[in-house]
Amino acid sequence: MEASVAKHNNNNNGNKQPLVQQQQQQEFALVSVTELASSSSPPSSPSSPVTARFGADNGVAELRFHRDSKSTGAAAIVVELQDAQLIKLGPVQSICISDCSSSDTVKEKYSRGVTIQFRNEEESKTFHCSFQQWKKQGIVQGASLPNGVIEPTKSKFDDKIESSSAKMYFHYYGQLLHQQNMLQDYVRTGTYYAAVIENRADFIGRVVVDVGAGSGILSLFAAQAGAKHVYAVEASEMAEYARKLIAGNPSLGDRITVIKGKVEDVELPEKADILISEPMGTLLVNERMLESYVIARDRFLTPNGKMFPTVGRIHMAPFSDEYLFIEIANKSLFWQQRNYYGVDLTPLYNSAFQGYFTQPVVDAFDPRVLVAPAIFHVINFTEIKEEDLYEIDIPLKFIASVGARVHGLACCTVQRWLTTAPGAPTTHWYQLRCVLSQPLYVMAGQEITGRLRMVAHNAQSYTIYLTLSVKMWGPGAEQGGILQTESCKLDLKEPYYRMSQPQAYTMAQDQQPHQSIHSQDINIQADDLEEPELIQHLSQNLDAQLQ
């Protein structure tokens, strides 16, 4: 065929036809196509030469691959565009992925992949453009079908996340300066590197999916560890930078495919043996990426596949920090002015005072401000359901180690080997504290109870409801009830980034000398891990690498 694209007019009679049938059929001469292997069939050998034809039968936009441009039906590979995606693997190579049903009677669905080899880069670009045009005409605008009309579809992500929040979120992570901020968190990056390289036996010869790949750094780590192939899924514009970075490392890049899209929407040509991701936000759950990580598990991971990380833990303890409390309370003093350019601001003072206490505080604090040993809540990523992350309810129970004024609840997270605990090397997550507008008074040995409830909202974060209560203490306490209770409501989306170094610790007058609670007291439990013996070994290796 001399021309790279042959077009045929089928709509010269001026009659009104279904939308996709108004499009001209398009044919492309290809070097070859290869249908990827499924679990039940061997890979087909490349067919050459091949003709790809866009068209519409019964109003359904289709792409057909023929060994001979004159052939029909039986020898063709047929792809319905409404469920298909086209991914560029190289300048002259792409892969077309679509959803298929195993039979008319069986509802089971699977993904089908066809590798396409073009004659040159220009024809590849033209084919991609035509693919998107046919798909858009057939789906977005609607087409007549035997069973109705194709309606515009929203992804699961779009259904639960406000569009303005998603836009800002992907804009933020699409910028290199924010990726640099995370890459320069050497505790974070170095720990992930150690976890992958020290477990290279899990990666060698395996298919890996990097969920929310960002710059692609974890994909490159997986390739270094010997992965057979890595699919780096990234929804923001950072996907283009990831392609550049990976292309600049050709010894690794030939085993990495960057796919731009949300894990809720994209299709992959094969199942993954391993999922790797950095899904942790402030307080573990902020930004709601854990849900995407779980969705990726359900969509892409083989039944015996592994997840890096496997578990996350939220550690909590009551704290006493007079400096912080006074700092927040004093912010509202502005509203005590009675003559602000002739205006009395005091009617808004109480609202402003309470408003400042709705912000969780993100900073690094001295572990000695903790007044009781920490407890923790485990989230097992291999077992939890997506819906379980919509609302997280954690009962609280502590025994005060010292007498103090309790100003709220301090939180940090542990993600397998990675910790944000106070006293540990600082990460870009820091720690988080929920501050009460009215402190509680406790004595050493007194019981503190309460509840931490986190409810997801559509701005990709959580509303936090915290209640702390002090039970009666001393003789006759078993007959007594709650002595003092305080509650607060905070928005995890709008924290107060304090980012100051921990204040010098000063013992209050009613406090007794006590053994401080160090970050070393926050240990990863053996039953949370597959290989707990690696922790110390990994820590030693990481220390050596970062020196």
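Readers should treat all values here as calculations from the given coordinates under stated rules, not as data from a laboratory. On a predicted model such as this, the values are computed, not experimentally measured, just so you know. Methodologically, a virtual Cβ is constructed for each residue, glycine included, from the backbone with ideal geometry; neighbour enumeration extends over all protein chains shown.
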Both in Å, the radius of gyration and Dmax of the C-alpha trace of the range 266-390 are 22.2, 71
Among rounded, prolate and oblate, which fits the range 274-317 when a ≥ b ≥ c are the square roots of the eigenvalues of its C-alpha gyration tensor, a/c under 1.5 means rounded, and a/b larger than b/c means prolate?
prolate
Would you mind checking the pairs LYS244/LYS385; LYS156/LYS228; LYS262/LYS306; LYS228/LYS260; LYS135/LYS385; LYS306/LYS397 and listing those with alpha carbons more than 26 angstrom apart?
LYS244/LYS385; LYS156/LYS228; LYS135/LYS385; LYS306/LYS397
Expected-Rg normalisation [2.2 N^0.38 Å, Cα atoms] applied to the range 197-354:
1.57
Starting at the first residue of the range 323-329, write each ³J(HN,Hα) from the Karplus equation 6.51 cos²θ - 1.76 cosθ + 1.60 with θ = phi - 60°, in whole Hz, x for Gly and Pro.
4, 5, 4, 5, 4, 6, 4
Which peptide among 260-266, 242-248, 363-369, 350-356 comes first, and what is the full order, when sorted by highest mean count of other Cβ atoms within 10 Å?
363-369, 260-266, 242-248, 350-356
Could you run the Karplus curve 6.51 cos²θ - 1.76 cosθ + 1.60 with θ = phi - 60° over the range 331-339 and give me ³J(HN,Hα) per residue in whole Hz, x for Gly and Pro?
4, 7, 4, 3, 7, 8, 6, 9, 9
Amide H of LEU89: which non-local residues (sequence gap of 5 or more, or other chain) have their own amide H closer than 5 Å, using H built in the peptide plane?
SER94, ILE95
Using amide H atoms built 1.01 Å from N in the peptide plane, name the residues 5+ places from HIS457, or on other chains, whose amide H lies under 5 Å from its own.
TYR462, THR463
Could you tell me what % of all Cα pairs in the range 350-420 have separations over 17 Å?
63
Step by step: find N for the range 156-280, compute 2.2 N^0.38 Å, then divide the Cα radius of gyration by it. What's the final number?
1.03
